[in-house]
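Reviewing the structure listed below.
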Amino acid sequence: MSTDGRNQSARLFARARKILPGGVDSPVRAFSAVGGAPPFIRRGRGARIEDEDGRSYVDFVMSWGPLIHGHAPAGLTRALAAAAKHGTSFGAPTAAEVELGTAVRQLMPSLERVRFVNSGTEATMSALRLARAATGRDRVVKFAGCYHGHGDAFLVQAGSGATTLGVPTSPGVPRSVAADTLVARYNDLGSVERILRRQRDRVAALVVEPVAGNMGVVLPEEGFLEGLRALCDAHGAMLVFDEVISGFRAAPGGAQERFGVRPDLTCLGKIIGGGLPVGAYGGRRDLMEQVAPAGPVYQAGTLSGNPLAMAAGAWALSKLTPALYARLDTLGARLATGLADAAREAGIDLQVNRLGSVLTPFFTAAPVHDYEGATVADTAAYARFFRGMLARGVYPPPSQFEGWFLSAAHTRRDVDEAVAAARATLAGMRRRRPRAAGGR
Ligand SMILES: *Cc1c(COP(=O)(O)O)cnc(C)c1O
(Lines give C-alpha, C1' and ligand atoms only; values in the text may rest on other atoms or scores of the structure.)
Protein backbone atom coordinates (compact mmCIF):
# COMPACT_ATOMS: atom_id res chain seq x y z
CA MET A 1 0.00 0.00 0.00
CA SER A 2 1.38 3.39 -0.97
CA THR A 3 2.30 5.68 1.89
CA ASP A 4 3.29 8.75 -0.14
CA GLY A 5 1.85 12.22 0.40
CA ARG A 6 -1.18 11.59 -1.77
CA ASN A 7 -2.33 8.75 0.40
CA GLN A 8 -4.98 10.36 2.58
CA SER A 9 -5.47 7.28 4.73
CA ALA A 10 -1.76 7.04 5.50
CA ARG A 11 -1.66 10.72 6.40
CA LEU A 12 -4.71 10.44 8.59
CA PHE A 13 -3.30 7.35 10.30
CA ALA A 14 -0.08 9.23 11.09
CA ARG A 15 -2.13 12.07 12.59
CA ALA A 16 -4.42 9.66 14.39
CA ARG A 17 -1.50 7.99 16.11
CA LYS A 18 -0.59 11.34 17.62
CA ILE A 19 -3.97 11.72 19.25
CA LEU A 20 -5.56 8.25 19.67
CA PRO A 21 -3.64 5.32 21.22
CA GLY A 22 -2.46 3.28 18.23
CA GLY A 23 -4.42 5.65 16.01
CA VAL A 24 -7.77 3.96 16.69
CA ASP A 25 -10.63 3.66 19.17
CA SER A 26 -10.79 -0.14 19.07
CA PRO A 27 -7.64 -2.26 18.59
CA VAL A 28 -8.56 -4.50 15.65
CA ARG A 29 -9.04 -1.45 13.41
CA ALA A 30 -5.29 -0.80 13.42
CA PHE A 31 -4.62 -3.89 11.21
CA SER A 32 -1.92 -5.17 13.61
CA ALA A 33 -2.80 -8.79 12.80
CA VAL A 34 -2.51 -8.39 9.03
CA GLY A 35 0.02 -5.58 8.56
CA GLY A 36 -0.26 -2.38 6.56
CA ALA A 37 -2.06 0.84 7.35
CA PRO A 38 -5.85 0.75 7.60
CA PRO A 39 -7.87 2.67 5.00
CA PHE A 40 -9.85 5.47 6.63
CA ILE A 41 -13.46 5.09 5.58
CA ARG A 42 -15.40 8.17 4.52
CA ARG A 43 -18.70 6.69 3.44
CA GLY A 44 -20.66 3.53 2.97
CA ARG A 45 -23.66 2.63 0.90
CA GLY A 46 -25.30 -0.78 0.63
CA ALA A 47 -22.58 -3.42 0.66
CA ARG A 48 -19.78 -1.03 -0.25
CA ILE A 49 -17.48 1.35 1.57
CA GLU A 50 -15.22 4.02 0.15
CA ASP A 51 -11.97 5.20 1.70
CA GLU A 52 -10.46 8.69 1.90
CA ASP A 53 -8.43 7.98 -1.26
CA GLY A 54 -11.57 7.17 -3.24
CA ARG A 55 -11.01 3.40 -3.34
CA SER A 56 -14.13 1.33 -3.02
CA TYR A 57 -14.48 -2.11 -1.42
CA VAL A 58 -17.12 -4.79 -1.03
CA ASP A 59 -17.45 -4.78 2.75
CA PHE A 60 -17.59 -8.04 4.70
CA VAL A 61 -16.91 -6.44 8.09
CA MET A 62 -20.17 -4.47 8.17
CA SER A 63 -19.12 -2.69 11.35
CA TRP A 64 -18.45 -6.14 12.89
CA GLY A 65 -22.02 -7.33 12.58
CA PRO A 66 -24.56 -4.59 13.28
CA LEU A 67 -25.31 -3.70 9.66
CA ILE A 68 -27.58 -6.58 8.63
CA HIS A 69 -29.42 -4.14 6.34
CA GLY A 70 -26.25 -2.71 4.78
CA HIS A 71 -24.74 0.76 4.98
CA ALA A 72 -27.04 3.78 5.18
CA PRO A 73 -30.34 2.22 4.09
CA ALA A 74 -32.77 5.01 3.14
CA GLY A 75 -35.42 3.98 5.67
CA LEU A 76 -32.91 4.13 8.50
CA THR A 77 -31.53 7.54 7.63
CA ARG A 78 -35.11 8.84 7.36
CA ALA A 79 -36.00 7.41 10.78
CA LEU A 80 -32.87 8.97 12.28
CA ALA A 81 -33.49 12.37 10.75
CA ALA A 82 -37.08 12.33 11.99
CA ALA A 83 -35.98 11.42 15.52
CA ALA A 84 -33.16 13.97 15.59
CA LYS A 85 -35.56 16.78 14.74
CA HIS A 86 -37.31 16.23 18.06
CA GLY A 87 -34.15 16.25 20.16
CA THR A 88 -31.24 13.89 20.62
CA SER A 89 -31.49 13.06 24.30
CA PHE A 90 -33.73 13.77 27.26
CA GLY A 91 -32.64 11.56 30.12
CA ALA A 92 -36.34 10.91 30.62
CA PRO A 93 -38.62 8.05 29.54
CA THR A 94 -39.63 7.97 25.87
CA ALA A 95 -42.09 5.98 23.78
CA ALA A 96 -39.21 4.77 21.60
CA GLU A 97 -37.83 2.63 24.45
CA VAL A 98 -41.18 0.94 24.95
CA GLU A 99 -41.42 0.30 21.25
CA LEU A 100 -37.97 -1.25 20.84
CA GLY A 101 -38.39 -3.23 24.06
CA THR A 102 -41.66 -4.65 22.79
CA ALA A 103 -40.07 -5.57 19.46
CA VAL A 104 -37.22 -7.34 21.24
CA ARG A 105 -39.60 -9.36 23.41
CA GLN A 106 -41.70 -10.32 20.39
CA LEU A 107 -38.64 -11.67 18.60
CA MET A 108 -37.07 -13.24 21.71
CA PRO A 109 -39.78 -14.32 24.14
CA SER A 110 -37.25 -15.33 26.85
CA LEU A 111 -36.63 -11.60 27.39
CA GLU A 112 -39.66 -11.01 29.59
CA ARG A 113 -38.02 -7.77 30.70
CA VAL A 114 -35.22 -5.87 28.97
CA ARG A 115 -32.88 -3.04 29.99
CA PHE A 116 -31.19 -0.95 27.31
CA VAL A 117 -27.55 0.06 27.68
CA ASN A 118 -25.00 1.53 25.27
CA SER A 119 -22.77 -1.38 24.25
CA GLY A 120 -22.37 -5.14 24.38
CA THR A 121 -19.71 -4.70 27.03
CA GLU A 122 -22.15 -2.93 29.30
CA ALA A 123 -24.75 -5.63 28.69
CA THR A 124 -22.47 -8.50 29.76
CA MET A 125 -21.09 -6.63 32.77
CA SER A 126 -24.61 -5.82 33.93
CA ALA A 127 -25.97 -9.32 33.32
CA LEU A 128 -23.13 -10.78 35.35
CA ARG A 129 -23.81 -8.41 38.23
CA LEU A 130 -27.46 -9.44 38.17
CA ALA A 131 -26.62 -13.16 38.07
CA ARG A 132 -24.29 -12.70 41.04
CA ALA A 133 -26.93 -10.78 42.96
CA ALA A 134 -29.65 -13.31 42.20
CA THR A 135 -27.58 -16.33 43.22
CA GLY A 136 -25.51 -14.80 46.01
CA ARG A 137 -22.46 -16.35 44.32
CA ASP A 138 -19.34 -14.68 42.88
CA ARG A 139 -17.86 -17.01 40.30
CA VAL A 140 -18.51 -17.14 36.57
CA VAL A 141 -17.66 -19.74 33.93
CA LYS A 142 -16.71 -18.61 30.43
CA PHE A 143 -15.26 -20.42 27.43
CA ALA A 144 -11.80 -20.11 25.92
CA GLY A 145 -12.08 -18.09 22.70
CA CYS A 146 -15.42 -16.49 23.55
CA TYR A 147 -15.44 -12.70 23.87
CA HIS A 148 -17.85 -10.77 26.03
CA GLY A 149 -16.54 -7.24 25.75
CA HIS A 150 -13.80 -5.68 27.82
CA GLY A 151 -15.19 -5.98 31.34
CA ASP A 152 -12.62 -7.13 33.91
CA ALA A 153 -14.36 -10.43 34.68
CA PHE A 154 -14.17 -11.49 31.03
CA LEU A 155 -10.56 -10.53 30.18
CA VAL A 156 -9.39 -13.83 31.59
CA GLN A 157 -7.80 -17.00 30.34
CA ALA A 158 -7.43 -20.42 31.87
CA GLY A 159 -4.80 -20.66 34.60
CA SER A 160 -1.96 -23.06 34.00
CA GLY A 161 -1.49 -26.49 35.48
CA ALA A 162 -3.56 -27.64 38.41
CA THR A 163 -5.31 -24.34 39.07
CA THR A 164 -8.65 -23.83 37.41
CA LEU A 165 -8.83 -20.18 38.43
CA GLY A 166 -8.51 -17.65 35.66
CA VAL A 167 -5.61 -15.28 35.08
CA PRO A 168 -5.91 -11.80 33.53
CA THR A 169 -5.29 -11.40 29.78
CA SER A 170 -4.72 -7.67 30.22
CA PRO A 171 -2.65 -5.64 32.64
CA GLY A 172 -4.96 -3.70 34.89
CA VAL A 173 -7.37 -6.56 35.50
CA PRO A 174 -7.01 -7.36 39.21
CA ARG A 175 -5.94 -10.93 39.88
CA SER A 176 -8.62 -11.11 42.53
CA VAL A 177 -11.27 -10.41 39.87
CA ALA A 178 -9.79 -12.85 37.36
CA ALA A 179 -9.69 -15.54 40.04
CA ASP A 180 -13.49 -15.57 40.08
CA THR A 181 -13.62 -16.46 36.37
CA LEU A 182 -13.24 -20.12 35.40
CA VAL A 183 -12.50 -21.04 31.81
CA ALA A 184 -14.02 -24.09 30.10
CA ARG A 185 -13.62 -25.49 26.59
CA TYR A 186 -16.20 -24.68 23.96
CA ASN A 187 -18.13 -27.75 22.78
CA ASP A 188 -16.77 -29.73 25.75
CA LEU A 189 -19.51 -30.35 28.32
CA GLY A 190 -17.13 -32.44 30.41
CA SER A 191 -14.90 -29.40 30.99
CA VAL A 192 -17.93 -27.46 32.24
CA GLU A 193 -19.15 -30.23 34.48
CA ARG A 194 -15.71 -30.66 36.09
CA ILE A 195 -15.61 -26.96 36.96
CA LEU A 196 -19.15 -26.88 38.33
CA ARG A 197 -18.47 -29.95 40.50
CA ARG A 198 -15.22 -28.61 41.86
CA GLN A 199 -16.70 -25.15 42.47
CA ARG A 200 -19.70 -26.62 44.30
CA ASP A 201 -22.34 -23.87 44.71
CA ARG A 202 -19.96 -21.03 43.98
CA VAL A 203 -20.77 -20.43 40.30
CA ALA A 204 -23.31 -17.65 39.67
CA ALA A 205 -23.40 -17.88 35.89
CA LEU A 206 -22.23 -19.66 32.83
CA VAL A 207 -21.72 -17.10 30.07
CA VAL A 208 -21.48 -18.34 26.51
CA GLU A 209 -21.73 -17.18 22.92
CA PRO A 210 -24.28 -19.77 21.73
CA VAL A 211 -22.64 -19.46 18.33
CA ALA A 212 -19.03 -18.45 18.90
CA GLY A 213 -18.02 -15.51 16.75
CA ASN A 214 -14.88 -14.12 18.31
CA MET A 215 -12.44 -16.98 17.71
CA GLY A 216 -13.77 -16.96 14.19
CA VAL A 217 -17.16 -18.60 13.73
CA VAL A 218 -17.48 -21.86 15.66
CA LEU A 219 -20.85 -23.62 15.79
CA PRO A 220 -22.20 -25.36 18.86
CA GLU A 221 -22.16 -29.11 18.40
CA GLU A 222 -25.35 -31.13 18.70
CA GLY A 223 -26.42 -31.18 22.34
CA PHE A 224 -23.86 -28.65 23.61
CA LEU A 225 -26.30 -25.81 24.40
CA GLU A 226 -28.90 -28.23 25.78
CA GLY A 227 -26.16 -29.73 27.95
CA LEU A 228 -25.24 -26.30 29.30
CA ARG A 229 -28.89 -25.68 30.15
CA ALA A 230 -29.07 -28.99 32.06
CA LEU A 231 -25.79 -28.36 33.90
CA CYS A 232 -26.91 -24.89 34.97
CA ASP A 233 -30.18 -26.30 36.26
CA ALA A 234 -28.38 -29.06 38.15
CA HIS A 235 -25.94 -26.65 39.79
CA GLY A 236 -28.16 -23.63 40.38
CA ALA A 237 -26.20 -21.36 38.01
CA MET A 238 -27.71 -18.85 35.61
CA LEU A 239 -27.33 -19.60 31.91
CA VAL A 240 -26.39 -16.35 30.17
CA PHE A 241 -26.39 -16.29 26.37
CA ASP A 242 -24.18 -13.57 24.94
CA GLU A 243 -26.09 -13.04 21.72
CA VAL A 244 -24.41 -9.74 20.86
CA ILE A 245 -23.50 -11.26 17.47
CA SER A 246 -25.99 -14.13 17.11
CA GLY A 247 -29.03 -12.12 18.24
CA PHE A 248 -31.15 -11.28 15.17
CA ARG A 249 -28.39 -12.89 13.06
CA ALA A 250 -28.67 -16.64 13.65
CA ALA A 251 -32.45 -16.24 13.30
CA PRO A 252 -34.90 -13.41 14.03
CA GLY A 253 -34.97 -14.76 17.60
CA GLY A 254 -31.22 -15.40 17.70
CA ALA A 255 -29.42 -18.62 18.53
CA GLN A 256 -31.94 -19.36 21.28
CA GLU A 257 -34.64 -19.65 18.63
CA ARG A 258 -32.44 -21.45 16.15
CA PHE A 259 -31.27 -24.11 18.64
CA GLY A 260 -34.34 -24.13 20.89
CA VAL A 261 -32.56 -23.50 24.20
CA ARG A 262 -33.92 -20.91 26.62
CA PRO A 263 -31.34 -19.00 28.67
CA ASP A 264 -32.07 -17.23 31.97
CA LEU A 265 -30.50 -14.01 30.72
CA THR A 266 -29.51 -12.76 27.28
CA CYS A 267 -27.05 -10.05 26.26
CA LEU A 268 -27.64 -8.14 23.04
CA GLY A 269 -25.76 -5.57 21.01
CA LYS A 270 -24.73 -4.88 17.42
CA ILE A 271 -27.86 -5.48 15.24
CA ILE A 272 -30.18 -4.25 18.01
CA GLY A 273 -28.89 -0.69 17.48
CA GLY A 274 -29.12 -0.67 13.69
CA GLY A 275 -25.58 0.74 13.59
CA LEU A 276 -25.94 3.07 16.57
CA PRO A 277 -24.48 2.33 20.01
CA VAL A 278 -27.04 0.11 21.74
CA GLY A 279 -26.74 -2.90 24.00
CA ALA A 280 -29.36 -4.65 26.08
CA TYR A 281 -29.74 -7.36 28.63
CA GLY A 282 -32.89 -9.13 29.57
CA GLY A 283 -34.51 -12.38 30.52
CA ARG A 284 -36.59 -13.96 33.23
CA ARG A 285 -38.95 -11.49 34.82
CA ASP A 286 -38.10 -12.57 38.39
CA LEU A 287 -34.43 -11.84 37.69
CA MET A 288 -34.87 -8.61 35.77
CA GLU A 289 -37.23 -7.23 38.42
CA GLN A 290 -34.19 -7.21 40.71
CA VAL A 291 -32.63 -4.45 38.59
CA ALA A 292 -32.98 -0.89 39.94
CA PRO A 293 -35.37 0.79 40.37
CA ALA A 294 -37.63 -2.30 40.38
CA GLY A 295 -35.09 -3.98 42.67
CA PRO A 296 -31.78 -3.37 44.44
CA VAL A 297 -29.21 -4.30 41.73
CA TYR A 298 -27.76 -0.98 40.61
CA GLN A 299 -27.23 -0.18 36.96
CA ALA A 300 -27.79 3.14 35.16
CA GLY A 301 -26.89 5.16 32.05
CA THR A 302 -27.16 8.83 31.10
CA LEU A 303 -27.62 8.06 27.40
CA SER A 304 -29.24 4.62 27.77
CA GLY A 305 -32.37 4.28 25.65
CA ASN A 306 -31.24 7.25 23.59
CA PRO A 307 -34.01 8.27 21.16
CA LEU A 308 -31.81 8.23 18.04
CA ALA A 309 -30.43 4.82 18.94
CA MET A 310 -33.90 3.46 19.75
CA ALA A 311 -35.24 4.74 16.42
CA ALA A 312 -32.41 3.04 14.54
CA GLY A 313 -32.93 -0.21 16.43
CA ALA A 314 -36.68 -0.19 15.93
CA TRP A 315 -36.24 0.36 12.21
CA ALA A 316 -33.65 -2.42 11.94
CA LEU A 317 -35.74 -4.98 13.85
CA SER A 318 -38.88 -4.10 11.88
CA LYS A 319 -37.14 -5.22 8.68
CA LEU A 320 -36.17 -8.72 9.83
CA THR A 321 -38.34 -10.90 7.60
CA PRO A 322 -38.10 -14.69 7.05
CA ALA A 323 -37.38 -13.92 3.39
CA LEU A 324 -34.33 -11.91 4.44
CA TYR A 325 -32.85 -14.85 6.38
CA ALA A 326 -33.51 -17.24 3.52
CA ARG A 327 -31.74 -14.91 1.10
CA LEU A 328 -28.82 -14.31 3.47
CA ASP A 329 -28.41 -18.06 3.96
CA THR A 330 -28.25 -18.62 0.21
CA LEU A 331 -25.67 -15.87 -0.19
CA GLY A 332 -23.66 -17.19 2.76
CA ALA A 333 -23.61 -20.67 1.27
CA ARG A 334 -22.47 -19.24 -2.05
CA LEU A 335 -19.62 -17.33 -0.42
CA ALA A 336 -18.54 -20.28 1.75
CA THR A 337 -18.57 -22.70 -1.18
CA GLY A 338 -16.77 -20.20 -3.40
CA LEU A 339 -13.98 -19.67 -0.86
CA ALA A 340 -13.61 -23.40 -0.18
CA ASP A 341 -13.48 -24.23 -3.90
CA ALA A 342 -10.95 -21.49 -4.59
CA ALA A 343 -8.71 -22.83 -1.81
CA ARG A 344 -9.01 -26.40 -3.05
CA GLU A 345 -8.06 -25.33 -6.58
CA ALA A 346 -5.00 -23.57 -5.15
CA GLY A 347 -4.04 -26.55 -2.99
CA ILE A 348 -4.43 -24.55 0.21
CA ASP A 349 -6.00 -25.98 3.35
CA LEU A 350 -9.11 -24.04 4.32
CA GLN A 351 -12.00 -24.80 6.66
CA VAL A 352 -15.04 -22.59 6.27
CA ASN A 353 -17.31 -22.43 9.32
CA ARG A 354 -20.66 -20.80 8.68
CA LEU A 355 -24.02 -20.13 10.20
CA GLY A 356 -26.35 -18.36 7.79
CA SER A 357 -24.85 -14.98 6.95
CA VAL A 358 -21.72 -15.12 9.11
CA LEU A 359 -18.69 -17.25 8.32
CA THR A 360 -14.97 -17.66 8.88
CA PRO A 361 -12.46 -19.23 6.51
CA PHE A 362 -9.78 -20.80 8.73
CA PHE A 363 -6.42 -21.53 7.14
CA THR A 364 -6.09 -25.02 8.57
CA ALA A 365 -6.64 -28.61 7.46
CA ALA A 366 -8.62 -29.81 10.48
CA PRO A 367 -12.23 -28.92 11.32
CA VAL A 368 -12.47 -26.15 13.95
CA HIS A 369 -14.66 -26.94 16.97
CA ASP A 370 -12.99 -24.91 19.70
CA TYR A 371 -10.34 -22.34 20.53
CA GLU A 372 -7.46 -24.80 20.33
CA GLY A 373 -8.57 -25.80 16.86
CA ALA A 374 -8.93 -22.16 15.81
CA THR A 375 -5.51 -21.11 17.06
CA VAL A 376 -3.66 -23.66 14.91
CA ALA A 377 -4.87 -21.71 11.84
CA ASP A 378 -2.07 -20.17 9.78
CA THR A 379 -2.40 -16.47 10.63
CA ALA A 380 0.46 -15.49 8.32
CA ALA A 381 -1.45 -17.08 5.43
CA TYR A 382 -4.59 -15.22 6.47
CA ALA A 383 -2.65 -11.94 6.55
CA ARG A 384 -1.39 -12.52 2.98
CA PHE A 385 -4.86 -13.47 1.88
CA PHE A 386 -6.32 -10.37 3.52
CA ARG A 387 -3.86 -8.03 1.82
CA GLY A 388 -4.55 -9.64 -1.54
CA MET A 389 -8.28 -9.24 -1.05
CA LEU A 390 -7.96 -5.60 0.01
CA ALA A 391 -5.82 -4.83 -3.05
CA ARG A 392 -8.60 -6.37 -5.18
CA GLY A 393 -11.34 -4.21 -3.69
CA VAL A 394 -12.70 -6.61 -1.06
CA TYR A 395 -12.65 -5.74 2.64
CA PRO A 396 -12.61 -8.85 4.85
CA PRO A 397 -12.03 -8.66 8.61
CA PRO A 398 -8.40 -7.75 9.37
CA SER A 399 -7.91 -10.83 11.57
CA GLN A 400 -8.18 -14.59 11.12
CA PHE A 401 -10.33 -14.88 14.23
CA GLU A 402 -13.37 -12.85 13.17
CA GLY A 403 -16.58 -13.41 11.28
CA TRP A 404 -17.33 -12.21 7.77
CA PHE A 405 -20.79 -10.63 7.69
CA LEU A 406 -23.28 -10.49 4.86
CA SER A 407 -26.15 -8.03 4.72
CA ALA A 408 -29.41 -7.47 2.91
CA ALA A 409 -27.49 -5.14 0.62
CA HIS A 410 -25.06 -7.81 -0.63
CA THR A 411 -25.90 -9.30 -4.00
CA ARG A 412 -24.80 -12.41 -5.82
CA ARG A 413 -22.52 -10.18 -7.86
CA ASP A 414 -20.84 -8.86 -4.70
CA VAL A 415 -20.27 -12.41 -3.50
CA ASP A 416 -19.01 -13.55 -6.90
CA GLU A 417 -16.64 -10.57 -6.99
CA ALA A 418 -15.25 -11.61 -3.62
CA VAL A 419 -14.86 -15.21 -4.72
CA ALA A 420 -13.04 -14.12 -7.88
CA ALA A 421 -10.71 -11.99 -5.74
CA ALA A 422 -10.16 -14.96 -3.44
CA ARG A 423 -9.39 -17.24 -6.39
CA ALA A 424 -6.78 -14.82 -7.73
CA THR A 425 -5.29 -14.21 -4.28
CA LEU A 426 -5.13 -17.87 -3.29
CA ALA A 427 -3.65 -18.87 -6.65
CA GLY A 428 -0.84 -16.40 -5.97
CA MET A 429 -0.30 -17.86 -2.52
CA ARG A 430 0.18 -21.39 -3.84
CA ARG A 431 3.65 -20.46 -5.03
CA ARG A 432 4.97 -20.26 -1.47
CA ARG A 433 8.22 -22.04 -0.74
CA PRO A 434 7.90 -25.65 0.38
CA ARG A 435 8.95 -26.17 3.98
CA ALA A 436 12.62 -27.12 4.48
CA ALA A 437 12.72 -30.84 5.08
CA GLY A 438 15.19 -31.07 7.95
CA GLY A 439 13.79 -28.32 10.15
CA ARG A 440 16.00 -25.96 12.11
C1 LIG B 1 -18.93 -7.31 20.10
C2 LIG B 1 -19.22 -8.25 21.22
C3 LIG B 1 -19.32 -7.82 22.56
C4 LIG B 1 -18.98 -6.43 22.98
O5 LIG B 1 -19.83 -5.48 22.45
P6 LIG B 1 -19.33 -3.95 22.36
O7 LIG B 1 -20.53 -3.23 21.86
O8 LIG B 1 -18.16 -3.97 21.45
O9 LIG B 1 -18.95 -3.55 23.74
C10 LIG B 1 -19.72 -8.73 23.50
N11 LIG B 1 -20.00 -10.00 23.19
C12 LIG B 1 -19.90 -10.45 21.93
C13 LIG B 1 -20.24 -11.86 21.62
C14 LIG B 1 -19.49 -9.60 20.91
O15 LIG B 1 -19.34 -10.07 19.66
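The values are calculated or read from the model by the stated rules, or taken from the named source; none is laboratory data. What you see is a predicted model, and the numbers here were worked out from it, not measured in a lab. Don't worry about glycine lacking a Cβ; one is built from the backbone with ideal geometry, like all the others, and counts go over all protein chains shown. The area values use the complete protein model at the heavy-atom level, side chains included, leaving out ligands, DNA and RNA. Shrake-Rupley method; radii C 1.70, N 1.55, O 1.52, S 1.80 Å.
Across the stretch 1-95, counting alpha-carbon atoms alone, Rg and Dmax equal 16.7, 51 Å.
Protein heavy-atom surface of the stretch 74-318, 1.4 angstrom probe: 53% of the accessible area is carbon and sulfur, with nucleic acids and ligands not counted. Could you check how much of the accessible area of the stretch 322-440 is carbon and sulfur, as a whole percent, using a 1.4 Å probe? Using a 1.4 Å probe with all protein chains present, the stretch 322-440 comes out at 51 percent carbon and sulfur.
Once the 1.4 Å probe is applied to the protein heavy atoms, the stretch 74-318 comes out at 41 Å² accessible per residue. Magnitude of the charge dipole for the stretch 305-440, about its Cα centre and with charges confined to Cβ atoms of Lys, Arg (+1) and Asp, Glu (-1), is about 560 debye. Protection proxy ranking, highest mean first, for peptides 236-245, 295-304, 326-335: 236-245, 326-335, 295-304, where packing is the per-residue count of other beta-carbon atoms within 10 Å, averaged.
Residues whose amide H lies under 5 Å from that of Phe143, counting only those 5 or more places away or on a different chain, are Ala184; hydrogens are built 1.01 Å from N in the peptide plane. Summary of packing: across the peptides 178-191, 34-47, the per-residue average of other C-beta atoms within 10 Å ranks them, highest first, as 178-191, 34-47. Here the Kirkwood formula puts the hydrodynamic radius of the stretch 74-318 at 18.2 Å, using every distinct Cα pair. Computed from backbone phi, the HN-Hα couplings of the stretch 271-288 come to 4, 4, x, x, x, 9, x, 9, x, 7, 9, x, x, 3, 4, 5, 7, 5 Hz, rounded to whole numbers (Karplus: 6.51 cos²θ - 1.76 cosθ + 1.60, θ = phi - 60°; Gly and Pro given as x). Summary of packing: across the peptides 254-261, 8-15, 83-90, the per-residue average of other C-beta atoms within 10 Å ranks them, highest first, as 254-261, 8-15, 83-90. The charge dipole of the chain, taken about its Cα centre with unit charges on the Cβ of Lys, Arg, Asp and Glu (plus for the first two, minus for the last two), comes to roughly 1100 debye.
The alpha carbon gyration tensor of the chain gives principal lengths a ≥ b ≥ c with a/c of 1.5 or higher and a/b no greater than b/c, which makes the shape oblate.
Contact order, relative form, for the chain: 21 percent (alpha carbon pairs under 8 Å, 6 or more residues apart, mean separation divided by residue count). Based on DSSP H runs of at least 4 residues, each adding -39500 (n - 2.57), what is the mean residue ellipticity at 222 nm of the chain after dividing by all its residues, to the nearest 500 deg cm²/dmol? Using -39500 (n - 2.57) per qualifying helix, the result is -11000 deg cm²/dmol.
Pairs from the table (Lys18/Lys270; Lys142/Lys270; Lys85/Lys319; Lys18/Lys85) lying more than 26 angstrom apart at Cα are Lys18/Lys270; Lys18/Lys85.
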